[in-house]
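Working notes, structure below.
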Amino acid sequence: MAINKINAATMSGVSKVNAISKDDISKIDGASIGEAPASSFKAALMVGNSGYIEWNTGSLDDDNHWHRLDFSGDVYRDVTWGYDEDGTECWILSTNKTSHPIIVAKSDGSDNWVPSGSSNWAEIRPSGGPWSGTWNFRGYRCARGDYTNNARATFMMGAMNNSALSTYVTGGITDSANWSQYYRAFDDSGTNSAIYGLSWNHSSSAADSTFALVIGGDVWLSTNGTGSGDDGDWTRVYDVSTGTPWNLQYGNGYFVGGGRNTSGLGTLSGSMVGGKPGAWGIMSNAGTNRAMRGGATNMSGAWVLVGDDGYIWHSSDNASSWSEVRVPDNQGGSTYRDWYDVAYDNDGTWVACGERAYAVSTDNGQSWTSSNGLAGNGTYNAVAFNVANTSQ
């Protein structure tokens with residue numbers, strides 16, 4: 001459990017307690033303050049088609065250390081980990097079901113907890129917020145925000161159509177009424193398509209807090225720093241006329257995302273942001289275009305982006321320059337499949353997942369060991385760890 005407020009003031013607005021800097025205090029009456037600490041128990045969740053939720057609490061490159069929960073029929077598009085407003089750890093998945101576009105697993109407080117059983121997961125169909133209609137949209141992308149500030153989105157989920165956005169801020173996280181719904185939230189985009197690329201810049205400052213998302217070919221930033229609201233609360237900062245960015249991720253002053261254009265190739269789009277809109281544009285890799293998708297950073301300058309046909313990019317200079325490798329699946333050096341997502345475990349290990357395979361790197365993306373996963377032939381759309389200092 002973490003302390004989020006003192007005398008009704010949020011921790012982000014408190015600098016000292018009894019003349020002692022907040023940064024020098026780790027606990028008050030035995031409870032942690034500020035950002036809840038990540039568990040020393042490391043867990044990874046990898047989700048995908050055919051209702052697969054797979055978790056690992058051991059060696060990431062060993063198939064025997066992965067375990068499967070099978071919700072047959074669902075397709076899981078994305079996964080994220082974080083805390084609800086009370087500082088209780090939660091896993092959030094976006095699904096292809098209009099009846100439950102979100103499923104949530106909330107920790108029971110036990111040591112070494114993982115959502116390993118069907119009873120751990122609650123189905124959510126957003127019903128709160130300003131739109132009084134009935135949610136009828138499939139989930140697409142999800143992300144975590146700021147659980148320490150009740151004026152900001154704690155978790156976010158973007159739908160696959162009608163630019164429908166849902167955010168959770170406070171209250172019981174498994175109560176659908178506490179997930180807002182914004183229908184056609186970005187009409188000014190002119191597309192009303194899927195919302196993805198959801199990300200937050202992890203700033204506790206009200207002046208610098210920035211949420212980002214992508215709809216169609218447009219990048220939007222929240223003007224009020226809350227991550228909620230419709231297009232009146234956001235501003236369009238970049239129009240990707242030649243492609244569509246996928247998952248934006250944030251780290252060290254940059255939002256970075258992979259992209260694809262209409263011919264199937266891609267570009268890498270990103271921005272330099274010091275809390276506020278900076279220079280958005282297309283970044284290149286020695287003139288080579290690739291269809292890139294998911295990305296992650298270690299928050300210390302290393303970045304990894306994954307994409308189609310086995311290509312993975314890695315950067316050691318905070319996204320200024322990139323090198324690429326081509327990683328086959330476990331069937332051999334001539335079999336290359338699409339990579340969809342990548343995550344960092346905050347301790348030197350990266351896991352990429354995709355079409356019928358996953359891969360592990362311990363040298364910041366320069367080399368990879370791949371596996372076909374449990375039972376083979378599974379498609380994994382997203383992966384995340386239960387760690388706080390990460391872009392996932």
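The values are calculated or read from the model by the stated rules, or taken from the named source; none is laboratory data. Source: prediction; values computed, not measured. Here the Cβ is made from the backbone with ideal geometry for all residues, glycine too, and neighbour counts use every protein chain on show. These area figures cover heavy atoms from the full protein model, side chains too; ligands, DNA and RNA do not enter into them. Shrake-Rupley method; radii C 1.70, N 1.55, O 1.52, S 1.80 Å.
Results for (1) over 25 Å from ALA296 (Cα atoms); (2) not hydrophobic (A, V, I, L, M, F, W, C), shown as yes or no for each residue.
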{"position": "HIS65", "(1), (2)": "no, yes"}
{"position": "THR88", "(1), (2)": "no, yes"}
{"position": "LEU93", "(1), (2)": "no, no"}
{"position": "ILE103", "(1), (2)": "no, no"}
{"position": "TRP113", "(1), (2)": "no, no"}
{"position": "SER119", "(1), (2)": "yes, yes"}
{"position": "ASP146", "(1), (2)": "no, yes"}
{"position": "ASN150", "(1), (2)": "yes, yes"}
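If a residue has to be open to solvent by less than 30 Å² (accessible area, probe 1.4 Å) and part of a loop (DSSP other than H, G, I, E, B) to count, how many in the stretch 140-170 make the cut?
Number satisfying all stated conditions: 10.
Please name all residue pairs, on different chains or six or more residues apart, with Cβ atoms under 6 Å, provided the first residue is in the stretch 53-64 and is within 24 Å of THR95 (Cα to Cα) and the second residue is charged (D, E, K, R).
GLU54/ARG68
Which of the residues belonging to the stretch 322-365 are without any contact (Cβ under 8 Å) to a residue 24 or more places away in the chain and either touching an Asp or Glu at 6+ places or on another chain (Cβ under 6 Å) or part of a loop (DSSP other than H, G, I, E, B) (or both)?
The answer is GLY332, GLY333, SER334, THR335, GLY348, THR362, ASP363.
Within the stretch 35-70, can you find the residues that are among the aromatic types (Phe, Trp, Tyr) and either within 15 Å of VAL360 (Cα to Cα) or modelled with pLDDT of 90 or more (or both)?
TRP55, TRP66
Hey, among the residues in the stretch 288-311 that are among the charged types (D, E, K, R) and surrounded by 22 or more Cβ atoms within 10 Å (Cβ to Cβ), which one's nearest to MET46 (Cα to Cα)?
This residue is ARG293.
Here's a check for you: in the stretch 229-270, which residue that is farther than 19 Å from GLY310 by Cβ and among the aliphatic types (A, V, I, L, M) is modelled with the lowest pLDDT?
So, considering only residues that are farther than 19 Å from GLY310 by Cβ and among the aliphatic types (A, V, I, L, M), the one modelled with the lowest pLDDT is VAL240.
Confirm whether GLY73 is surrounded by fewer than 18 Cβ atoms within 10 Å (Cβ to Cβ), touching a Gly at 6+ places or on another chain (Cβ under 7 Å) and closer than 21 Å to ALA382 by Cα.
The answer is yes for GLY73.
Which is surrounded by fewer than 20 Cβ atoms within 10 Å (Cβ to Cβ), of a type outside the set (Phe, Trp, Tyr) and touching a Pro at 6+ places or on another chain (Cβ under 9 Å), of SER320, SER334, SER370, SER316?
So the residue among SER320, SER334, SER370, SER316 that is surrounded by fewer than 20 Cβ atoms within 10 Å (Cβ to Cβ), of a type outside the set (Phe, Trp, Tyr) and touching a Pro at 6+ places or on another chain (Cβ under 9 Å) is SER334.
Residue check: is ASP187 within 20 Å of TYR254 (Cβ to Cβ) and acidic (Asp, Glu)?
no
Residues in the stretch 278-292: is at least one closer than 20 Å to ASN381 by Cα, in a loop (DSSP other than H, G, I, E, B) and modelled with pLDDT under 90?
Checked against the condition, which is being closer than 20 Å to ASN381 by Cα, in a loop (DSSP other than H, G, I, E, B) and modelled with pLDDT under 90, the stretch 278-292 yields at least one hit.
Identify all residues within the stretch 176-201 that are at pLDDT 85 or above, out of contact with any strand residue (DSSP E or B) (no Cβ under 7 Å at 6 or more places or on another chain) and farther than 16 Å from GLY229 by Cα; write none if there are none.
none
Quick one: is THR235 farther than 25 Å from VAL383 by Cα and surrounded by fewer than 19 Cβ atoms within 10 Å (Cβ to Cβ)?
Yes: the conditions hold for THR235.
Any chance you could count how many residues in the stretch 45-64 are over 19 Å from VAL387 (Cα atoms) and either open to solvent by 30 Å² or more (accessible area, probe 1.4 Å) or in contact with a helix residue (DSSP H, G or I) (Cβ under 7 Å, 6 or more places away or on another chain) (or both)?
6
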